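Before any comments, here is the structure.
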Amino acid sequence: MQIKVLYFAKSREVAGVNEQTFELGDGAHTEDLLAQIIAAHPALDSVMKTCVFALNQEYVRPQDKEALKDGDEVAIIPPLSGG
Amino acid sequence: MQIKVLYFAKSREVAGVNEQTFELGDGAHTEDLLAQIIAAHPALDSVMKTCVFALNQEYVRPQDKEALKDGDEVAIIPPLSGG
Amino acid sequence: MKNIFCEVTSDPLDISRYVELVADPGAGAISTFTGVTRNNFQGKTVIKLDYEAYTPMALKKLQELAHQVTNKWSVCKVAIAHRVGTVLVGEPSVIIAVSSAHRRESLEAVHWAIDELKASVPIWKKEFFEDGSVWKENEE
Amino acid sequence: MKNIFCEVTSDPLDISRYVELVADPGAGAISTFTGVTRNNFQGKTVIKLDYEAYTPMALKKLQELAHQVTNKWSVCKVAIAHRVGTVLVGEPSVIIAVSSAHRRESLEAVHWAIDELKASVPIWKKEFFEDGSVWKENEE
């Protein structure tokens, strides 16, 4: 299945991309995806420790191990600074 | 001495005047003035029970018996409703 | 003081004017409160309000109030305007604008200032209904 | 819902627009909060801020936030706008406007909404100083 990953703010700058598509096997969950993202961008490792994530525009924690399905959109959410 | 009295809102409507000058003897204080005001406008008696007063633009209570001097300005202040 | 602006006026009040008056390069936050004539009171249709002020004392009390804001909170600038005369439904009768470096100060200051204004500034409103009129009294 | 208006926009924000959007004949109070780029942070001169949003999710979160305001308080209308892109010193980055019959509701709602916005809406700002730039983090 294909998962679209969006990078914002510091994670976008460190990854050097705005968005990217990852290919995962059936039954993969968010923790698997995050491992793949860090494998693709080792420099993101420390940044990711400060981030949360959004799955289809709803916040999830990495340890929630949310099941993924083809076409899902996952966003890397660094500490917020809107307002 | 002459004291200028200003009427506002309901006290103005009941008194039928905006302002008025009262003549008081030496040594008169605010309580004397208020008695003269009610004598001049008996219909104000009940309204005055809900009012406070200002002497030269500072709030005073009638029971404070503030000493008056020639040229003082006293305002009748019904319950406030600004805002 | 140039960081305080107060007025009592018969002109319509425009929010942009008071937001501009409190603009400051060191301000990260501007909070405002606008009191508006609403179309009803306890189920009765309100046609208009007439505001009357003891103008010189009202202005003095507004200035004291603005000074108190600058003493109580770390704020940049304070503007307070109260309208007198007829204020139709939907029109502002009072606008308070406060700027501050951080948001909490201006938010708290505006809330405090409108409560205090209602309690201490010699201004009165008469409400006009379809079947009569009445002088209002602010609650404590 | 027609009593809620939210937007994420790269256009400059004008307070008059959002005050008009929450105007309501039943409203006696309109409270607003405006976040503005200030010229310094911890003593360093700020040149500009760049805001970046996860726009569709930010808009969704703003709408959820506006709905929560209408659930928590008796208010008439809620408008929330956040700007993205470059915001120069003195320019608004966010405006929240709430109207209500009585003053307390809109004052409390605006204060709550800006705190909640900073904690939950996926928007980021980068501060540009004379000697570099940094991604900010809102405090809890």
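The values are calculated or read from the model by the stated rules, or taken from the named source; none is laboratory data. Keep in mind it's a predicted model, so treat the numbers as computed, not measured. Virtual Cβ from ideal backbone geometry, glycine too; neighbours counted across all protein chains shown. Note: accessible area is taken over every heavy atom of the protein model, side chains too, but ligands, DNA and RNA are not part of it. Shrake-Rupley method; radii C 1.70, N 1.55, O 1.52, S 1.80 Å.
Computed values, structure above
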quantity	calculated
Where a residue in the stretch C:117-136 is closer than 18 Å to C:THR55 by Cβ and its partner, wherever it lies, is small (Gly, Ala, Ser) and open to solvent by 50 Å² or more (accessible area, probe 1.4 Å), with Cβ under 9 Å and at least six apart	C:LYS126/C:SER133
A:VAL47 vs. criteria on the phi < 0 side of the Ramachandran plot, β-branched (Val, Ile, Thr) and in contact (Cβ under 8 Å) with a residue 12 or more places away in the chain	yes
Filtered residues of the stretch D:121-140 (kept if among the β-branched types (Val, Ile, Thr) and within 7 Å of chain A (Cβ to nearest Cβ))	D:VAL121, D:ILE123
Extreme residue, farthest from C:GLU127 (Cα to Cα), among residues of the stretch D:1-13 that are more than 12 Å from chain C (Cβ to nearest Cβ) and part of a loop (DSSP other than H, G, I, E, B)	D:SER10
Residue that is least open to solvent (accessible area, probe 1.4 Å) [pool: residues in the stretch A:29-47 that are part of a loop (DSSP other than H, G, I, E, B) and more than 12 Å from A:ILE76 (Cβ to Cβ)]	A:ALA43
Checklist (1) in a loop (DSSP other than H, G, I, E, B); (2) within 18 Å of the chain's Cα centre (by Cα) applied to C:LYS48, failing item	(1)
Cross-chain or 6+ apart pairs with Cβ under 6 Å, the stretch C:24-36 first and more than 7 Å from chain D (Cβ to nearest Cβ), then outside any strand (DSSP E or B) and open to solvent by 10 Å² or more (accessible area, probe 1.4 Å)	C:ASP24/C:CYS76
Candidate set: the stretch C:99-120, residues that are open to solvent by 40 Å² or more (accessible area, probe 1.4 Å) and within 14 Å of chain B (Cβ to nearest Cβ); chosen: the one nearest to D:LYS118 (Cα to Cα)	C:HIS111
Only listed residue being in contact with a helix residue (DSSP H, G or I) (Cβ under 6 Å, 6 or more places away or on another chain) and not charged (D, E, K, R), chosen from D:VAL110, D:VAL78, D:VAL84	D:VAL78
Number of positions in the stretch D:19-47 that are small (Gly, Ala, Ser) and open to solvent by 40 Å² or more (accessible area, probe 1.4 Å)	2
Qualifying residue in the stretch B:15-27 (condition: open to solvent by less than 20 Å² (accessible area, probe 1.4 Å) and either of a type in the set (D, E, K, R) or within 14 Å of chain C (Cβ to nearest Cβ) (or both))	yes
Search result, residues across the stretch D:48-75 that are within 12 Å of another protein chain (Cβ to nearest Cβ) and open to solvent by 50 Å² or more (accessible area, probe 1.4 Å)	D:THR55, D:PRO56, D:LEU59, D:LYS60, D:GLN63, D:GLU64
The stretch D:42-64 residues that are under 17 Å from D:PRO92 (Cα atoms), paired with ones that are in a helix (DSSP H, G or I) (beta carbon under 7 Å, 6 or more apart)	D:GLU52/A:ALA9
Any hit, the stretch C:24-45, residues being touching a Gly at 6+ places or on another chain (Cβ under 7 Å), in a loop (DSSP other than H, G, I, E, B) and farther than 25 Å from D:ASP14 by Cβ	yes
Identity of the residue in the stretch D:76-92, on the phi < 0 side of the Ramachandran plot and free of Cβ contacts under 8 Å to residues at least 60 places away in the same chain, that ends up most open to solvent (accessible area, probe 1.4 Å)	D:LEU88
Residue under evaluation D:SER16, criteria (1) more than 14 Å from chain C (Cβ to nearest Cβ); (2) free of Cβ contacts under 8 Å to residues at least 12 places away in the same chain; (3) open to solvent by less than 60 Å² (accessible area, probe 1.4 Å), criterion not met	(1)
